[in-house]
1. Name the residues in region 57-85 that are surrounded by fewer than 20 Cβ atoms within 10 Å (Cβ to Cβ) and either more than 29 Å from the chain's Cα centre (by Cα) or farther than 29 Å from ASP237 by Cβ (or both), would you?
2. Say whether the condition of being among the hydroxyl-bearing types (Ser, Thr, Tyr), more than 21 Å from PHE92 (Cβ to Cβ), surrounded by 12 or more Cβ atoms within 10 Å (Cβ to Cβ) and touching a residue at least 60 places away in the same chain (Cβ under 8 Å) is met by at least one residue in region 216-233.
3. Going by the structure shown, is THR77 closer than 22 Å to LYS181 by Cα, at pLDDT below 95 and touching a helix residue (DSSP H, G or I) at 6+ places or on another chain (Cβ under 9 Å)?
4. Among residues belonging to region 161-201 that are charged (D, E, K, R) and at pLDDT 95 or above, point out the one that is surrounded by the most Cβ atoms within 10 Å (Cβ to Cβ).
5. Going through region 41-79 one residue at a time, which ones are farther than 22 Å from LEU27 by Cα, assigned to a strand (DSSP E or B) and touching a Leu at 6+ places or on another chain (Cβ under 9 Å)?
6. Among all residue pairs at least 6 apart or on different chains, which show Cβ distances below 9 Å where the first residue, located in region 17-29, is in the same structural domain as PHE39 (by TED's automatic domain parsing) and the second is in a helix (DSSP H, G or I)?
7. Pull out all pairs, ordered by first then second residue, where Cβ-Cβ is under 9 Å, the residues are six or more apart or on different chains, the first lies in region 122-150 and is under 23 Å from ILE69 (Cα atoms) and of a type in the set (D, E, K, R), and the second is at pLDDT 95 or above and not in a helix (DSSP H, G or I).
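The values are calculated or read from the model by the stated rules, or taken from the named source; none is laboratory data. Predicted model, so just to flag it, every value in this text is computed and none were measured. We place every Cβ from the backbone using ideal geometry, glycine too, and count neighbours over all the protein chains shown.
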Amino acid sequence: MHRFYLFSPDIKKDILTLKDPRLLHQLNRVLRMKSGDRFSIFNDEKGEHSLEILEIDRHQILAQMIEKIDCKTESATEVSLYQAVPKKTALFEWVIQKATELGVSHVYPLITERTENRRLSKFDRLVTIATEATEQSGRLRVPVVHHPIPLEAVLKEVTNGYLAYEMEGKDYLGDYQKTLKSSSVQIIIGPEGGFSNREIVLAEKSKVHLFSLGPRILRTETAAIAALSILFSSLKD
């Protein structure tokens, strides 16, 4: 069944009037649905419900609520990804998509000394990618995509942070089993070329844990997905 995120549906006695432009486009133009077809809508406040179309045209959809769907796909741990923005924005978009599928709650574009791409001009597109990945992965909560933030600010504000560093040879992310099982975790991933020596010194002086992803050098987008996969596996989530 096709599922769609809808922030605040208009519900009157189990009959919904849907006028969201994105939803209208998908159901009318892309899927070409008609009366009697079913789909579901969801958000993290009201959960997920299956609907049957009663009437559909270019301007609105009238749908009957059929049943509430039991959805238990959200992690009990709020995971934030601080991802240094790659040179190619398309790679950052890919990270947002995959991080959403894995279960993150927040994505922060990270600005470091070696970050070359410091402007994300199509911010709405990033939000759309996160929304569509939420729909595809069966989640209820769309991750919040934040505006860029410098590393220095991140090091001051994180409460349970873990920074991937290619020269850290002894501590692996999975070794932090006790502290990872917390209400919130922050994963920090550097840019192409890695963090500068000054940034590593700042990280070591902060409360952030440095960890290794193994003996091989990973691309920044690979490191993000590897770290998140290890984290959620450690959480058994």
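1. ASP57, ARG58, HIS59, GLN60, LEU62, GLN64, MET65, ILE66
2. no
3. On the way: closer than 22 Å to LYS181 by Cα: yes; at pLDDT below 95: yes; touching a helix residue (DSSP H, G or I) at 6+ places or on another chain (Cβ under 9 Å): yes.
Yes, satisfied.
4. Here is the first cut: in region 161-201, the residues charged (D, E, K, R) are 166, 168, 170-171, 175, 178, 181, 192, 198-199.
Cutting the leftovers down to at pLDDT 95 or above gives us 198-199.
Numbers: ARG198: 9, GLU199: 19.
Once the filter is applied, the top-ranked residue is GLU199.
5. VAL79
6. Pairs found: LEU18/LEU24; LEU18/LEU27; ARG22/THR128; ARG22/THR131.
7. These pairs meet every condition: GLU135/VAL142; ARG139/GLY103; ARG141/SER105.
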